[in-house]
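Novice: Questions regarding the structure given below will be posed in turn.
The values are calculated or read from the model by the stated rules, or taken from the named source; none is laboratory data. Source: prediction; values computed, not measured. Cβ atoms come from the backbone with ideal geometry, glycine included; neighbour counts cover every protein chain shown. Surface accessibility is based on the protein's heavy atoms, side chains included, excluding ligands, DNA and RNA. Shrake-Rupley method; radii C 1.70, N 1.55, O 1.52, S 1.80 Å.
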Amino acid sequence: PLVVHVTGARPNFPKAAPVLEALAGYEVEQLLVHTGQHYDDKMSDVFFRQLGIPKPDVNLGVGSGAHGAQTAKVMIALEELFTERRPDLVVVYGDVNSTVAAALVASKLGITFAHVEAGLRSFDMTMPEEINRLVTDKLSDLLLTTSTDAIGHLGNEGTDPDKIHFVGNPMIDTLLKNKPRFDADAVRQEVGIEGDYIVATLHRPGNVDDPQDVKALVAAMHAVADQAQVVIPLHPRGRARLEEAGFLDHPGMRVIDPLGYIEFMGLVRGAAAVVTDSGGVQEETTILGVPCLTLRPNTERPVTITHGTNQLVTREVLAERVREVLAVGPLSEWDTPPLWDGHAGERIAKVLAASVSAGRRGEA
Ligand code: UD1
Ligand code: UDP
């Protein structure tokens, strides 16, 4: 049987790595597709090298574009590929445009597909990811969830409970496996910072697309940099807009290129706090016990607040919350969400393998 994994953007890679590895222990052929949604070395290839992910069998090379164009390009290329190869199962990850494109194509071709990280909801339809999550989950045959709130959301939407599997968080498998390689001192030296620092990542359209938002964001971040040095491995989205708005015009601001996974996690591990609008970073700080201030009005990952180190903040209160977090200092105790234990990949592989063999029996 053939299982096709569809990946394409930075957050997909640390989620897919443990699934590919665990599924290699079963009698299935695996084909890894990279859509090419992300293509810079630091947004893509570095993850394959550092995490030992096999080189993609196919790269669709779709590149950047408006949502419709990007999603459509992935769909056209995948429709051809799936028609030719007739996978027994397609696996999609997370909530990016490559995810929803693969979901649409697989379901229209009648190919069973599984969604890793199903059921997360921000209930914020201005987020492109929320649209991607809703469409993908509605069409999905197997919904693999990272947290129990996700099971509740899917239930409320009328999803057949037999399709839902609570498997834990594969992103955390990758984190726990590689944790011994996260060396804060080495990265600090490389980046050239001394003393306490805060790591920031910012790329959500809600923060960096509108010039008025960007202006307010720059002021809020400068008020953070008044208190401690801020290191920002900046995503390409919004970079020019932030720089034009004077983001760098503060001696405490260190803007650098995106970092490789191992370096980024090293930097986060040694940080006094993190300011972010990323989804994955809310989860990673929860496991590393680093206080996380999420600059968003909502989160699809509430478990990082109830069980982790995360809190939601507005630009208006950000500097004050940073002050509080720095005053408290390093956390000695914190909770972790259920099944974020380093074994999600194995549980996912088991569900996928069972589905494939049930499908085969159904045909016979
Ligand atoms: C995408 C995901 C978002 C995720 C983020 C993770 C969607 C709708 N959004 O957002 O959920 O949080 O990835 O990183 O799928 N660019 C480069 N080099 C690259 C890739 C992108 O310079 O390798 C630039 C291009 O100018 C591009 C812009 O970044 O137009 C945005 O890229 P895109 O993939 O459309 O969305 P992201 O903002 O990266
Ligand atoms: N990441 C990285 N280098 C960076 C920033 C992020 O390796 O400079 C990793 C980190 O593990 C994070 C993942 O990339 O969880 C995806 O992050 P991103 O914020 O791009 O996507 P999101 O989770 O918001 O969709």
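Novice: Quick one: grab Rg to one decimal and Dmax as a whole number for the range 56-179, Cα atoms only, in Å.
Specialist: Rg and Dmax of the range 56-179, Cα atoms, are 14.7, 40 Å.
Novice: Could you give the dipole magnitude of the range 235-364 about its Cα centre, charging the beta-carbon of Lys and Arg +1 and that of Asp and Glu -1, in debye to the nearest 20?
Specialist: On the way: 14 positive and 17 negative charges, 74 e Å.
Roughly 360 debye, rounded to the nearest 20.
Novice: If R₀ is 41 angstrom, what is the calculated FRET efficiency for the pair Glu316 and Ile76, using the beta carbon separation as r and rounding to 0.05?
Specialist: Details: r = 44 Å, r/R0 = 1.08.
The value I calculate is 0.40.
Novice: Then there's this: Leaving ligands, DNA and RNA out of it, report the carbon-plus-sulfur percent of the accessible area of the chain at a 1.4 Å probe.
Specialist: Numbers: 7730 of 14900 Å².
About 52 percent, which is the carbon plus sulfur part of the accessible surface.
Novice: Taking 0.36 nm per residue of separation and subtracting the Cα-Cα distance, what length does fully extending Asn59 through Arg86 add?
Specialist: Details: separation 27, 0.36 × 27 = 9.72 nm, distance 1.76 nm.
Result: 8.0 nm gained on full extension.
Novice: Given a cut-off of under 8 Å on Cα pairs at least six residues apart, what relative contact order in percent is computed for the range 204-263? Display every interim value, and only then the final one.
Specialist: On the way: 60 pairs, mean separation 23.0, N = 60.
Once divided by the residue count of the range 204-263, the mean separation gives 38 percent.
Novice: Moving on to the next point. Read phi for every residue in the range 303-318 and hand back ³J(HN,Hα) as whole Hz from Karplus 6.51 cos²θ - 1.76 cosθ + 1.60, θ = phi - 60°, with x for Gly and Pro.
Specialist: Per residue, the Karplus-derived 3J(HN,Hα) values read 4, 6, 8, 6, 10, x, 10, 8, 9, 7, 9, 9, 4, 5, 9, 3 Hz.
Novice: When the dipole is taken about the Cα centre of the chain, and only Lys, Arg (+1) and Asp, Glu (-1) are charged at their Cβ, what size is it in debye, to the nearest 20?
Specialist: Values: 33 positive and 49 negative charges, 75 e Å.
Here the size comes out at about 360 debye.
Novice: Next question. Scan around Phe113 for amide H atoms under 5 Å from its own, H built in the peptide plane at 1.01 Å from N, and keep only partners 5 or more places away or cross-chain.
Specialist: Hits under the 5 Å cutoff: Val90, Asp141, Leu142.
Novice: For Leu109 and Glu194 in one chain, what is 0.36 nm times their gap in residues minus the Cα-Cα distance, to one decimal in nm? Can you show the working numbers first?
Specialist: Values: separation 85, 0.36 × 85 = 30.60 nm, distance 5.52 nm.
Value of the extension gain: 25.1 nm.
Novice: What list of whole percents do you get for P(r) of the chain, with Cα-Cα distances grouped in 10 Å bins up to the one holding the largest distance?
Specialist: Each 10 Å bin holds this share of Cα pairs: 5, 25, 34, 24, 9, 2, 0.
Novice: Follow-up. Quick check: from the Cα gyration tensor, does the range 237-313 come out rounded (a/c under 1.5), prolate or oblate?
Specialist: Judged from the Cα gyration tensor, the range 237-313 comes out prolate (a/c at least 1.5, a/b above b/c).
Novice: In debye to the nearest 20, how big a dipole does the range 192-270 give about its Cα centre with +1 on each Lys and Arg Cβ and -1 on each Asp and Glu Cβ?
Specialist: Roughly 200 debye for the range 192-270.
Novice: From the alpha carbon gyration tensor of the range 286-364, can you work out the equivalent ellipsoid semi-axes (sqrt of 5 times each eigenvalue) and give them in Å, largest to smallest?
Specialist: Each semi-axis is √(5λ); the values are 40, 15, 7 Å.
Novice: Next question, about the same structure. May I ask you to derive the relative contact order of the range 276-319, considering only C-alpha pairs under 8 Å and at least 6 residues apart, and to give it as an integer percent?
Specialist: On the way: 63 pairs, mean separation 17.7, N = 44.
Value for the range 276-319: 40 percent.
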